[in-house]
1. Just to verify a result, which residue in segment B:41-69, among those that are of a type in the set (A, V, I, L, M) and within 18 Å of B:ILE91 (Cα to Cα), is surrounded by the most Cβ atoms within 10 Å (Cβ to Cβ)?
2. Tell me which residues, restricted to segment A:158-203, are part of a loop (DSSP other than H, G, I, E, B) and touching a residue at least 40 places away in the same chain (Cβ under 8 Å).
3. Output the helices (runs of 4 or more DSSP H) that fall wholly within segment B:161-223 and possess 2 or more residues being within 12 Å of another protein chain (Cβ to nearest Cβ) and acidic (Asp, Glu), or say none.
4. I'm told A:VAL227 meets every condition in (1) outside any helix (DSSP H, G or I); (2) in contact (Cβ under 8 Å) with a residue 40 or more places away in the chain; (3) more than 14 Å from the chain's Cα centre (by Cα) except one. Can you identify the failing condition by its number?
5. If the requirement is being buried (at least 16 other Cβ atoms within 10 Å of the Cβ) and either within 24 Å of the chain's Cα centre (by Cα) or assigned by TED's automatic domain parsing to the domain that holds A:MET98 (or both), which of these qualifies: A:MET234, A:MET275, A:MET206?
6. Tell me, please, whether a residue that is under 30 Å from B:PHE202 (Cβ atoms), touching a helix residue (DSSP H, G or I) at 6+ places or on another chain (Cβ under 9 Å), away from chain A (no Cβ under 11 Å) and hydrophobic (A, V, I, L, M, F, W, C) can be found in segment B:143-153.
7. Restricting the search to segment A:35-56, which residues are surrounded by fewer than 18 Cβ atoms within 10 Å (Cβ to Cβ), part of a helix (DSSP H, G or I) and without any contact (Cβ under 8 Å) to a residue 60 or more places away in the chain?
8. Checking A:GLU99 against (1) at pLDDT 85 or above; (2) within 7 Å of chain B (Cβ to nearest Cβ); (3) touching a helix residue (DSSP H, G or I) at 6+ places or on another chain (Cβ under 6 Å), which single condition isn't satisfied?
Amino acid sequence: MQTGALRPRHIRIAAWWFTLPALLFQFFFGWFPILIAFLVAFQRYYFAKPADFVGMENFRAVVQDPLTLEAFKNTFLYAILSLGLTFFVPIFVSILLMEMKQRTIRWMMILWFIPVASMAGIVIWKYMYHPTLGLLNGLLMALHLPTQKWLDDPNLAMLSLVLPGLIMFGPGLMYIAALQSIPAELYEAAELEGARFFQKIRFVTMPRLRPIIAMMLIFSVIGVMQVFELPFVMTGGGPGYATTTVVMQIYNQAFSAFNLGKATALAIVLFFVIMTIVIIQRRVYREDLDVS
Amino acid sequence: MPLIPEVGKRRAKVRLALLCIAAFLWIGVALHLFAVVWMISASLKPTHEIFEDPFHLWPRHPSIASYKLLFTSVTAGGLNLNIDVFRYPLITYVRNSIYISSLTVLLQIPVTAMAAYAVSKMHAPRAARLLFLFFIGTLMVPGQIAIVPRFLLLSHFPWPTQNIPSIAGAQMPSFSLIGSYWGVILPAAFNAFNFLLFKGFFDTLPTELMDAARIDGASELTTMRAVMLPLARPILAVTVYFAFTAAWNEFLGPWIVLMSEQGKWPLSVALYKLQYSLTSWQPSQGSMDPATQQLLASGVGYNALMALAVVESIPMFLAFLIFREQLMKGIQLQGLK
């Protein structure tokens, strides 16, 4: 690397021209909205006249709204179900996939990663869950089992949102990349020391996957805590409020009730909840590293 | 290979274990493929088969009626079905999606790549470090916090409030991007994750390459375009693929910005609206008004929904085919970063 002092002036100027467009976009659509959020949360909005500051009133409204607690409960339930049922499956599948022949791995990966657009994928499942026309009830009928109401059943709705992720299992690209970078000699060495199948997973595979698992877990938690599209399309938050998540509640407050201040206050509460979870996770993970 | 050693492969127990693993993996593959096959098969069923005989794996009388809706509009409604999606031929939504996604890619890739290149190779170390944090810092912030502020900002860009400041009595200019394609495209013009991929790649290129070009008298732009970009092809493929698929799949942004402009909806919004109108629709055979009859004959129903889902997935599939090799290479290249 050159040092700054050696850099000619025209390169330094060109550097700023190269950076300028991204700088503007990142400011206006990256940081600026986040800053505004902390302003909007303390304001009340009107259609015809400018907003006024109302202090903590929006936060008070959020706390007093019984739906807030309901939405957080649903979000945590979704997060736990979704991570518990589907987070570890791709890791497991990726490890097993490595046992196949190179050619088989290639073919399986190609077939696995044939993409379906995300809204298309959600809509296919909505159709599968249809109480009379859907394939799932068709299968249950064929097996002479009682049919289910799936998304319309308050006790089953949340599980039905998560279920596709469990039955459509597949490997994770990140895990495969990591697994392929583990040198074969390590496994051979473990072999010579008499390690069995599960011992090799425990002492050779896992220590090398752990950093990626920790990173993916953080991203997954941030992702599942903000789930919106899936419940919005599949159930619309129902039946009743059984699948109304926090981000759906933010959306409803903002664009159905037009209470922009309260919606943003709730967004900020969720922001701090997610950040707290992430910080705890990082701390746990760091301790984990020290031990191993 | 790694867990089960070559030497043991002959033993019956080991072979059985391998067989079980293979069966398990192929079941996963089959389930993925089945969803795709089911989507295609349902899209080829005539509407009455969807309602009377929905569980056949393959349509008994395949029909392309639903795909014809791509080019014809249907305005008749029947029996509590309000189908505003078909007011336009469905190809309108395909065109909108292509327009939004390609403009996003064309804007995002140069903006992001140039910033990453400058931060990696041109800026003084201290400025580079600060800029790097500025560019990737938003990755750590949950995106939902910006839903409302972004809406306010787009309503009177670049001001987030209705009280737009005036200088010497003249109000500052502001533009409403709500109802405009740009309200969807501009927020995606810079992407922090792709920035990270580009920067990681440019960091691996030797500075000497650049210096050689500079000594030959090439301008900075030429250096980047003629020397660096040809080397960056794998990472370019990965970022273009990510940018395209993200723009193609985006729902909440277009939904909020383009809600009232049906002629500008992308496919994701059209699909959402279509499934929404179909959800409670169940025509019974006995009492059928002519309008419903006509709807059924023209292929409106879950078959049309699946046809639209197929149409939405085709460009993703093409992008996957085009970039597949580069994608695998690019991911190995950036390793575990």
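The values are calculated or read from the model by the stated rules, or taken from the named source; none is laboratory data. Values in this document were obtained by computation on a predicted structure and should not be read as measured data. Cβ placement follows ideal geometry from the backbone for every residue including glycine, while neighbour counts extend to all protein chains displayed.
1. Per the stated criteria, the residue is B:LEU69.
2. Within segment A:158-203, A:PHE169, A:GLY170, A:PRO171, A:GLY172 meet the criteria.
3. Result: B:207-215.
4. Exception for A:VAL227: condition (3).
5. Selected residue: A:MET234, the only one of A:MET234, A:MET275, A:MET206 that is buried (at least 16 other Cβ atoms within 10 Å of the Cβ) and either within 24 Å of the chain's Cα centre (by Cα) or assigned by TED's automatic domain parsing to the domain that holds A:MET98 (or both).
6. no
7. A:LEU35, A:LEU39 - these are the residues of segment A:35-56 that are surrounded by fewer than 18 Cβ atoms within 10 Å (Cβ to Cβ), part of a helix (DSSP H, G or I) and without any contact (Cβ under 8 Å) to a residue 60 or more places away in the chain.
8. Just one mismatch for A:GLU99, condition (1).
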